[in-house]
1. What number of residues within the range 411-425 are in contact with a strand residue (DSSP E or B) (Cβ under 6 Å, 6 or more places away or on another chain) and closer than 19 Å to S367 by Cβ?
2. Out of the residues in the range 22-48 that are closer than 18 Å to I98 by Cα and among the β-branched types (V, I, T), state the one that is modelled with the highest pLDDT.
3. Go over the candidates T511, T585 one by one and state the one that is under 38 Å from the mean Cα position of the chain (by Cα), at pLDDT below 80 and part of a loop (DSSP other than H, G, I, E, B).
4. Exactly one condition in (1) among the aliphatic types (A, V, I, L, M); (2) more than 19 Å from S123 (Cα to Cα); (3) in the same structural domain as S485 (by TED's automatic domain parsing) is not met by I431; state its number.
5. What are the residue pairs meeting all of these: first residue in the range 150-163, first residue outside the structural domain of F293 (by TED's automatic domain parsing) and β-branched (V, I, T), second residue at pLDDT 70 or above and crowded, with 21+ Cβ neighbours inside 10 Å, Cβ atoms under 7 Å, and 6 or more apart or on different chains?
6. Quick test of your reading of the structure: L19 fulfils all but one of (1) modelled with pLDDT of 85 or more; (2) within 24 Å of the chain's Cα centre (by Cα). Name the failing condition by number.
7. Counting only residues that are in contact with a helix residue (DSSP H, G or I) (Cβ under 9 Å, 6 or more places away or on another chain) and surrounded by fewer than 18 Cβ atoms within 10 Å (Cβ to Cβ), which one in the range 345-364 is farthest from V393 (Cα to Cα)?
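The values are calculated or read from the model by the stated rules, or taken from the named source; none is laboratory data. Computed from a predicted model, the values in this text were never measured in an experiment. Because the Cβ atoms are built from the backbone with ideal geometry, glycine has one as well, and the counts that use them run over all protein chains shown.
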Amino acid sequence: MSLDRIFRTTDSHGWKEDLAVIGRLSRPHALRLFAAAVCSLILSGINGAIAWSVKPALDTIFIRKEAEYLYLLPLGVIALFTLRGIFTFCNNYLMASIGAKIVRFLRQKVYEKLLSLPMSFHSRSSSGDVVSKILNDIGMVQSTVAFSIKDFLVESGTVLVLAGVAISRNVELALISFLAIPVIVFSIGKLGSRMKKTSMNTRLLLAQIATMLSESLQGMKIIKAFTMETALRKKNDKILSDHYRNSMREVRINEFSSFNADIVAGIGVAVIIFYGGSLVLSDRISSGDFFSFVAAVLLMFTPLKRLSRVHNSFQQGRTVLDRIRGIIAEPPEKSGAEAIVVQGGIVFENVFFRYPATQVDALEAISFSVRRGEIIALVGYSGAGKSTVVDLVAGFWHPTGGALYIDGKDIRTLSLQSLRNCIGAVTQDVILFDDTIRANILYGRPDATENEIIAAAKAAFAHEFIMELPERYETRIGERGVRLSGGQKQRITIARAILRNPSILILDEATSSLDTESEHQVQNALEVLMQGRTTIVIAHRLSTIQKANRIIVMSQGRIVQQGSHAELLAQGGLYAELYAMQFRTDDAEPDYTRQ
């Protein structure tokens, strides 16, 4: 069952709908749930039997002094408590397994949903918040299902059975004791609404902690380089303190529910002892009936108190469902249906683009074409729109005006998967995964053979250094390739792109962060990779793009010049300015006024 069907909701998202969601999540495990319900009914019956046995025990042993029952009663008690232990274990295990299966299902489906969401979602969402939802929030669903439902079944069943025992012993006393129940239920409802609000704040603060930790680990080198340890320690301490205070609010609400139940129960028991004792003294009921009744009432108030915690736990679970809904409600990435084997022709026709929640166009009236196998270079100051152009080619965003054609077909009509299967990218921001070198190269084409992997590595000038590593292609490179140098990481990404054998190649500042030696090696690998492919190159180092068939100069989202390197230098203008700034003599003053 899909998440959309499970979380089909009204605008109100009330408790009935949340309960229905939990029911739909539990439906595939109906057999285990039925077995757990049977265990709960048996447990409720055993608890009732314990209260019921008080009367015969008192009457036969302590009042009539029938000695033979003195030997039978302990055996009966042992049998009852053994059975209770067995069925408690079975009930807890079954419900815990249902909760764990639901958590596994939710994490799997939410992860799949994240993979299907467009870049607009990922660009505005904190990775720490998303991770917190998947790990912490969804983990709470297990607690809600495994314990809340289990306790509700057991405790509510126990209350009903014990109420029956109490009524059978004395109706009048039972009615008096039942007056406490509405008071307890009212306090549970009032505190439950506070618990939901407080729990939501706790989840949000926990997400902030996850974000803080994620960003700190990813940016540890910058933190140390700028000696930001003290400032970040204070910021982290504040977030942790806020989370602690809010967590303790949850504890106070939980404990106050039990406190209220204890006070009401205490008053009720005191009234029952006083009134019931007077009935015993006047011989209107027997001592056995009275103590059996008191045992039933005392046993009944305990599950009532636990039900208050069940309600609070359910309210905490509702906040989790609300946060999961936030992801599920996101529309998936829009993709056309037409599959295509890309040849490499690209046409921008009067393309405009504006990022969501911004007021200024990132691209304005962009028009140019790229023939199959042609090398096009994009240059300009930072923020000119170069990366936005290549993001549109990859289908990460769609034009907000005009049209973009791939091999003569509007990109909106194309299957994004088939399009991206024909695109390879090597970027300045190297993305590698905490896995082996082999696995990272295989991202280019998972079904590649061993010989193809090695051939790609050799073409990327990576095979030699790989063979010098302790485990060669099986060497784990750490998160984001932290165990490799900058040049080594970049050559692994090039090997990945070569293995993909793309029709369209995107090179986004692929050598800008490398030293001279590494840049030379990577540039050699890139020249191999570009052969026979439509290539779009973004580079600040203009020496790397002089061989391009055409250079497109951009400024503030517009194309201001086009031509070859020689033609653009002859024209003057922005390209000549950029070239002069990069290759100025040592005593020349840089122009920092241009933005």
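1. 1
2. If we take residues in the range 22-48 being closer than 18 Å to I98 by Cα and among the β-branched types (V, I, T), then V38 is modelled with the highest pLDDT.
3. T511
4. The failed condition is (2).
5. none
6. The single condition L19 does not satisfy is (1).
7. A357
Quick grid of which residues meet (1) among the aromatic types (F, W, Y); (2) outside the structural domain of G139 (by TED's automatic domain parsing); (3) at pLDDT 80 or above:
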residue: L3; (1), (2), (3): no, yes, no
residue: I6; (1), (2), (3): no, yes, no
residue: I50; (1), (2), (3): no, no, no
residue: E68; (1), (2), (3): no, no, no
residue: P74; (1), (2), (3): no, no, no
residue: L94; (1), (2), (3): no, no, yes
